[in-house]
Amino acid sequence: MAKGTVSKKERADGLTWIYRYQTTRPSDGKRVEHPVVIGLVKDIGKSKADAWREVGKLGLDINNSNPQALTFKMLAEHFRKAELKKSSGIGARASETITINELLLDNWILPRWGGMLHTEIRPLMIEAWFESLTSKPQGENKKPLEWTSIVKIRSIMSQVFKHAQRHELIPAAISDDGRPTNPVLLARCESSSSYEAIVVTPEQMVVILNELDTPDTRLEWTLALLHAATALRPEESFGLKWGDIDWRRSLIHIRRGWSKGKETAGKNKPSMTQVALHPALAEALQLWRRETRYHREADWVFASDRAKGKKPRSAGVAGQDYLRPAAVKAGVIAEEYKGRFGWHNLRHSLASFFADNEVNLPVIQAALRHAKPATTAKYIHRNNAVQIKVQSKFLEAIKVAKTAASN
């Protein structure tokens, strides 16, 4: 029989099930009550039987006389149920983010750490694992992971421990034997990556648009222009409907996303806003609207003919079949290039163009709708011609550039 009790309590997120059990405090040997948040009543169910089933699923009725006996998997499953899949409120995530986080948990983190007690996991053990993942073949591709993937894995692991601390499953900071209860915070990893996004220059963009400027590829031409001029994410542009465009106020409202064949709630809250619509871009969109058979307010802007307008075109297919060949013609990538290049590169390209033309970082951040300026900074890539121009100013100032020119 399970030990403890379950009861409902009103909290900030709504009516919540709480599981309480007695445990022995190691510091003084006293018996104390330990409360654990199980989840919202609306998600779990109204009856105590529903609550007890959830306690069993989370493994919280096993050895709860000793909180130190919780495995990392128990903490992770509580995090998955009570936080990762929250539909609203503090910390609610976009569906695409939830999918990525669950893949990291199920494919990488839980197979390695799930069966261990949370008290057994040490910072140096985590560091050694990170180094192994980045130096030895992994997964179906038989390639080491990039450090950018390790940063994401580290973040999810840390979130699991922080979640357990907030819900009082484990001590808040330091355990009774003096160790930190979140060992991930002390585990180091490389924050940089060798990946550098390919940037399309304005001159190359002209060639790309010329390649797509045919009666049969008007949709792809409009897509390329829209991405290049607005820095919309692919899932945002493919998720647009005609009713999202405010022609009078020159705005595009970002109200949803479309990713992996289904509608999503969008990237995050800062992204779900408006994007400026230049008159020239508005004219191009109006031209496409006159040509497409799917032109009603509720229709997708880039509707799929194959799906009879019921869903948008596939971003991956449109990028592979049309954008990449045009980019080859423009000299952006080589024909044999197999690396990353698609609609998202045009987002990097506009950010880099702004920076090259002395647009300040806060303005670029607002255009890209990033929550943090540090994220925007990663989208700005070095332009060699601009660097030489800046270098030239200094060399002219010290009379070196003119001397070299005269020689």
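The modelled label-to-label distance between LEU361 and TYR337, using points 7 Å beyond Cα along the C-beta direction, is 2.8 nm. Could you tell me what percent of the accessible area of the chain is made up of carbon and sulfur, with a 1.4 Å probe and every protein chain present? It is 53 percent, rounded to a whole number. Magnitude of the charge dipole for the stretch 197-279, about its Cα centre and with charges confined to Cβ atoms of Lys, Arg (+1) and Asp, Glu (-1), is about 600 debye. Given R₀ = 56 Å, FRET efficiency for ALA49-ARG289 by Cβ-Cβ distance, to 0.05? Using R0 = 56 Å, I get an efficiency of 0.55. If R₀ is 45 angstrom, what is the calculated FRET efficiency for the pair VAL32 and ALA128, using the beta carbon separation as r and rounding to 0.05? After rounding, the FRET efficiency stands at 0.80. Simple spin-label estimate for SER135 and ILE98 gives 3.9 nm between the two label positions (7 Å along the Cα-to-Cβ direction from each Cα). Descending by average beta-carbon neighbour count within 10 Å, the peptides 221-229, 320-328, 44-52, 155-163 line up as 221-229, 155-163, 320-328, 44-52, the highest first. Measuring with a 1.4 angstrom probe and ignoring ligands and nucleic acids, TRP300 comes out at about 20 Å² accessible. Sequence-distant contacts, meaning Cα pairs under 8 Å at least 6 residues apart, place the relative contact order of the chain at 12 percent. Ligands, DNA and RNA excluded, the heavy atoms of ASP28 present near 80 Å² of accessible surface to a 1.4 Å solvent probe.
With 0.36 nm allotted per residue and the present C-alpha distance subtracted, the THR273-VAL151 stretch has 41.1 nm of extension available. Only protein heavy atoms count here; on that basis, with a 1.4 Å probe, GLU236 has an accessible area of about 0 Å².
Of SER250, SER352, the order by accessible heavy-atom surface (1.4 Å probe, DNA, RNA and ligands excluded), from most exposed downward, is SER250, SER352. Among 109-115, 345-351, sorting by the average number of other beta carbon atoms lying within 10 angstrom of each residue, highest first, gives 345-351, 109-115.
Using Cβ point charges alone (K and R +1, D and E -1), the dipole size of the stretch 192-239 about the Cα centre works out to roughly 120 debye.
All other residues whose Cβ lies under 9 angstrom from that of SER271 are scored, Lys and Arg at +1 and Asp and Glu at -1, for a net of +3. Accessible area per residue for the chain, computed on protein heavy atoms with a 1.4 Å probe, is 56 Å². Averaging 1/r over each pair of different alpha-carbon atoms in the stretch 69-138 and inverting the result gives 13.5 Å, the Kirkwood hydrodynamic radius. A simple charge model with +1 on the Cβ of Lys and Arg, -1 on the Cβ of Asp and Glu and nothing else charged puts the dipole of the chain at about 980 debye relative to its Cα centre. Taking a Cβ cut-off of under 15 Å around VAL206, the surrounding Lys, Arg, Asp and Glu residues balance to a net charge of -2, with basic ones at +1 and acidic ones at -1.
Can you find, among ALA82, PRO137, THR99, the residue sitting farthest towards the positive end of the charge dipole of the chain, where Lys and Arg contribute +1 and Asp and Glu -1 at Cβ? After comparing all options, I get ALA82. Electrostatic tally near TYR294: other residues with Cβ closer than 10 Å to its Cβ, Lys and Arg +1, Asp and Glu -1, net +4.
Cross-link partners of LYS338 among lysines, defined as those whose alpha carbon lies under 29 angstrom from its own and excluding same-chain residues fewer than eight positions apart: LYS136, LYS142, LYS143, LYS152, LYS260, LYS262, LYS267, LYS311, LYS329, LYS378. Taking 0.36 nm per residue of sequence separation and removing the Cα-Cα distance, the LYS311/ALA385 pair yields an extension gain of 22.4 nm.
The values are calculated or read from the model by the stated rules, or taken from the named source; none is laboratory data. Since we're looking at a predicted model, the values are computed, not measured. Don't worry about glycine lacking a Cβ; one is built from the backbone with ideal geometry, like all the others, and counts go over all protein chains shown. These accessible areas exclude ligands, DNA and RNA; they are computed on the full protein's heavy atoms, side chains included. Shrake-Rupley method; radii C 1.70, N 1.55, O 1.52, S 1.80 Å.
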